[in-house]
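Working notes for the structure below.
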């Protein structure tokens, strides 16, 4: 899952980045509105966290511009404003939710999960064939047998299953799972796909992670 954070307070920004990366989010960050708006309009995000008042383009204007482009990504405002009027103003600008500063990370994470669930991209259990992931406990099972995955293997499998039956290009995988720009010479994706295939081998001849040559990978039932 890929998130954009637009927040000018460095302490809060680092706090959010660290927390979300521990939850397997790939994080892009901007400390001013101009950079934040450019990122929001040029990249594919699963959720956007916007500080209401940032230098340059305001969070409100970023939100409006995102909606003008018919981008339906969930948006949560991070704000010190605490009146009903302000809340309504933010929601009418196109935000899905808001959280008042200071806040606990657990509350923000819960609000993020709600938005992802309502957007159809968040479920406690993800599965393909006999393989299923429990996002609440961060466990992976092959039938009734638990399979131990590294954090990055888990994140890669989660991304593929969330996009089950859809071809995931190498560009999307590297950006959503590794949080780096795509390098056509990298073999990191192939290495981790091989790791997953070996660990998830069901022994029945079914390969749930397919290769689409020249394009990317796909999670599917057969």
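Coordinate-derived values only; no laboratory data. If you're wondering where the values come from, they're calculated on a predicted model, not measured in any experiment. Methodologically, a virtual Cβ is constructed for each residue, glycine included, from the backbone with ideal geometry; neighbour enumeration extends over all protein chains shown.
Table for the structure above
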| item | result |
| --- | --- |
| Relative contact order (%) - criterion: Cα under 8 Å, at least six apart; region: the chain | 16 percent |
| Whole-number percent relative contact order across region 2-118, with pairs defined as alpha carbons under 8 Å at least 6 apart | 23 percent |
| Extension gain (nm, one decimal) between residue 138 and residue 165, 0.36 nm per residue minus Cα-Cα | 7.5 nm |
| Computed label-point distance, nm, for sites residue 68 and residue 118 using a 7 Å Cα→Cβ extension | 2.5 nm |
| Neighbour-count ranking [beta-carbon atoms within 10 angstrom, fewest first] of 171, 42 | 42, 171 |
| Full-extension gain in nm, residue 103 to residue 190, via 0.36 nm per residue minus C-alpha separation | 27.4 nm |
| Degrees, to the nearest 10: 10-22 long Cα axis against longest axis of the chain | 20 degrees |
| Global form of region 2-118, assessed from the alpha-carbon gyration tensor, a/c cut-off 1.5 | rounded |
| Modelled FRET efficiency - R0 25 Å, residue 151 with residue 213, Cβ distances, 0.05 increments | 0.30 |
| Cα long-axis angle, helix 188-199 against the chain (0 to 90 degrees, to the nearest 10) | 50 degrees |
| Net length gained if the chain between residue 9 and residue 44 were fully extended (0.36 nm per residue, minus Cα distance) | 10.2 nm |
| Likely footprinting exposure, 198, 101, fewest C-beta neighbours within 10 Å first | 198, 101 |
| Rounded to 10°, Cα long-axis angle of helix 105-118 versus longest principal axis of the chain | 70 degrees |
